[in-house]
1. Scan segment 1-19 for residues that are within 15 Å of Ser96 (Cβ to Cβ) and either touching a Gly at 6+ places or on another chain (Cβ under 9 Å) or buried (at least 16 other Cβ atoms within 10 Å of the Cβ) (or both) and jot them down.
2. Mind listing whichever residues of segment 20-36 are at positive phi and loosely packed, with under 15 Cβ neighbours inside 10 Å?
3. Which of the residues belonging to segment 6-21 are in contact (Cβ under 8 Å) with a residue 12 or more places away in the chain and within 10 Å of the chain's Cα centre (by Cα)?
4. Here are some residues: Thr50, Thr106, Thr69. Which one is at pLDDT below 90, surrounded by 16 or more Cβ atoms within 10 Å (Cβ to Cβ) and of a type in the set (Ser, Thr, Tyr)?
5. Please count how many residues of segment 51-97 are in contact (Cβ under 8 Å) with a residue 60 or more places away in the chain and under 12 Å from the mean Cα position of the chain (by Cα).
6. Considering only segment 72-89, state which residues are exposed (fewer than 14 other Cβ atoms within 10 Å of the Cβ) and touching a Cys at 6+ places or on another chain (Cβ under 7 Å).
Amino acid sequence: MGEPTREELIERIREQLSQVYDPEIGFNVIELGLVYDIQVNDGVAEITMTLTTPFCPYGPALIEQCKLTVLDLPEITDVKINVTFDPPWDPRVHASDDVKLLLGLTGVQGFLSGG
């Protein structure tokens, strides 16, 4: 079996990150939409992500957990995480539909129209 393609590796990274949960909200960073972009070059994963707020007390630990989780992949030798607040995280925009529904951000009209 050969090396995974870049797309396959990005998907594996996304799967790894789905194991990292925000302890205050109880959803993973992928479902919350905190991960904006994932790039991989020569074994280095570069992840652009945000936090729920710039003052998130768990932010440093969450970022470290993301790094360690991605480093569990044998193809990844280093992880660089770029934290941005542009755009600021908004669960109505960035979170998955399941999270929106569970947080009460999707009304009956939005649910019936599929969004």
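1. Of everything in segment 1-19, just one residue is within 15 Å of Ser96 (Cβ to Cβ) and either touching a Gly at 6+ places or on another chain (Cβ under 9 Å) or buried (at least 16 other Cβ atoms within 10 Å of the Cβ) (or both), namely Leu17.
2. Gly26
3. Listed by number, the residues that qualify are Ile13, Arg14, Gln16, Leu17, Ser18, Gln19, Val20.
4. Going through Thr50, Thr106, Thr69 in turn, just one is at pLDDT below 90, surrounded by 16 or more Cβ atoms within 10 Å (Cβ to Cβ) and of a type in the set (Ser, Thr, Tyr): Thr106.
5. Qualifying residue count for the region: 3.
6. Once the filter is applied, which keeps residues that are exposed (fewer than 14 other Cβ atoms within 10 Å of the Cβ) and touching a Cys at 6+ places or on another chain (Cβ under 7 Å), segment 72-89 yields nothing.
The values are calculated or read from the model by the stated rules, or taken from the named source; none is laboratory data. Being a predicted model, the structure only gives us computed values, none of them experimental. Cβ coordinates were reconstructed from backbone atoms using ideal geometry, including for glycine residues, and neighbour counts include every protein chain displayed.
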